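Working notes for the structure below.
The values are calculated or read from the model by the stated rules, or taken from the named source; none is laboratory data. The shown structure was predicted, so the numbers you read here are calculated from the model rather than taken from an experiment. Glycine gets a Cβ as well: all are built from the backbone with ideal geometry, and neighbour counts include every protein chain shown.
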Amino acid sequence: MRAAVIVSKAVLVVLGTWVVLVVGLGLVALLPDRVQYYAISPLTMFLWVCALVVCPVISCLVLRRWIRTVPGMPKRDP
């Protein structure tokens, strides 16, 4: 049960990070056309795809204490 909670929290963090990145990319549509031209360049898209890979790892590292805690279980010493 403990492993299932930890894995589900990690999956939740990864999906949440991806949702934030996709919404951020979608908000570019609200910018003026001349800004959209630069915001949707090939380099920007490459960096965005790299962020889809790197940001979930960073998010999991930042939230690792929350991911490891399981409600109802005794606390473990680090």
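General remarks:
- Test: residue in region 18-40 that is modelled with pLDDT of 90 or more and aromatic (Phe, Trp, Tyr): yes
- Look at (1) in contact (Cβ under 8 Å) with a residue 40 or more places away in the chain; (2) of a type outside the set (A, V, I, L, M, F, W, C); (3) over 29 Å from ARG65 (Cβ atoms) and you find that TYR37 fails only one, number (1).
- Any hit, region 29-44, residues being under 16 Å from the mean Cα position of the chain (by Cα) and surrounded by 12 or more Cβ atoms within 10 Å (Cβ to Cβ): no
- Here region 34-78 is the region considered, the condition is being assigned to a helix (DSSP H, G or I) and small (Gly, Ala, Ser), and the residue that is farthest from TRP18 (Cα to Cα) is ALA39.
- Residues being more than 25 Å from VAL57 (Cβ to Cβ) and either outside any helix (DSSP H, G or I) or among the hydroxyl-bearing types (Ser, Thr, Tyr) (or both) - total across region 1-33: 3
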